[in-house]
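First up is the structure itself, then whatever we jot down about it.
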Amino acid sequence: MNIILVDGRGGSKTIRVDRRSGFWAGLFACLVVAGLTGTGYLWSQSHSRPSFHTIRLWQRRLRMETAELKTLRRLHQSEIDALAERVAGLEARMAQLNALGGELTHRAGINPKLFNFNAPVPEGGPTSRSGEIPLTGAELDQRIGQLADRIGAERLALQTLNRRMVESRLRHEIIPSGHPVRTFWVSSPFGWRIDPITGRLEFHEGIDLAAPEGEPIHAVAAGVVTWAGPRYGFGNIVMINDGQGYTTYYAHCEKVFVRIGQVIHRGETIALVGSTGMSTGPHVHFEVLRDNRPVNPAPFVFGAPGN
């Protein structure tokens, strides 16, 4: 068997081997090729498939990243829940402000169409030419805090205003003002007079308003009934105390409609004109006491604003 070797320059050389030598040479060549092939396969496998240690590292890293994602998700949800709780609190406070604002609007006589607390605030405008800047979570939290502070301050201001209005309204209600009866004339003023029953000079601690028998008697001040029924000299009498120093008397009533302890509002019908007790005809004996001392009722009846 002849083996021809060719070099890089195109030259050749022939080697003659016998059959025995050719067999061993071929066998050697096959072993060399097989070795090279196996080495290449092992090299490719080692570089294409990760080792067991590498797989374990990847698994550990994946578990850590998964845990970090879960932690971030919990933190994110916790922040969302905290913001939702703050927003819910602001909504509740806004509902209180809306109710308080509506009450103030009603008491102040303001047109409800002008201040409708249940409608969105009228505002608007074109889109800014400078574009929009998204808020970060920290900026949103800061703005919510500022809004909560503003709502707190405005609620305090509205509550103070409401209290002042209530106090003013109560003062208007409890200070005697107006006419106990619609149709009347003054039959006996406040001060010294000759008593029509005894004929003696006595101090008259109220004024007598002559009125038709059965005419409704209205409370000229709010308060609580401290007496309702017969009393010596006064006949049937209603006494109303406002708790702030004023007490009003309505005497010689034909019929009484109220009872002791009842809360009375200004203008409420409390009795009917009569002539019970020491009386010469149907009239209302009207007294005003300030700190338990009789004062002239005429300024309250005739000098009250709006009367």
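Since every read-out is calculated from the coordinates, none of them should be taken as a lab result. Note that the coordinates shown come from a computational prediction; the quantities given were computed from them, not determined experimentally. Here the Cβ positions follow ideal geometry from the backbone for every residue, glycine too, while neighbour counts run over all protein chains shown.
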Can you tell me which of GLY243, GLY281, GLY267 is in contact (Cβ under 8 Å) with a residue 40 or more places away in the chain and within 23 Å of GLY199 (Cα to Cα)?
GLY281
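Just to be sure I understand, how many residues within region 202-222 are of a type in the set (A, V, I, L, M, F, W, C) and in contact with a Pro (Cβ under 6 Å, 6 or more places away or on another chain)? Spell out how you get there, then give the answer.
Step one: filter region 202-222 for residues of a type in the set (A, V, I, L, M, F, W, C), giving 203, 207, 209-211, 217, 219-222.
From what's left, in contact with a Pro (Cβ under 6 Å, 6 or more places away or on another chain): 207, 217, 220-221.
Looking only at that region, the number is 4.
Report those strands (runs of 3 or more DSSP E) wholly inside region 186-274 carrying at least 2 residues which are under 45 Å from the mean Cα position of the chain (by Cα) and closer than 26 Å to GLU173 by Cβ. Walk me through how you get there before you give the answer.
Numbers: elements: 191-194, 201-204, 207-210, 216-218, 223-231, 235-241, 246-256, 269-273.
Strands (runs of 3 or more DSSP E) meeting the threshold: 216-218, 223-231, 235-241, 246-256, 269-273.
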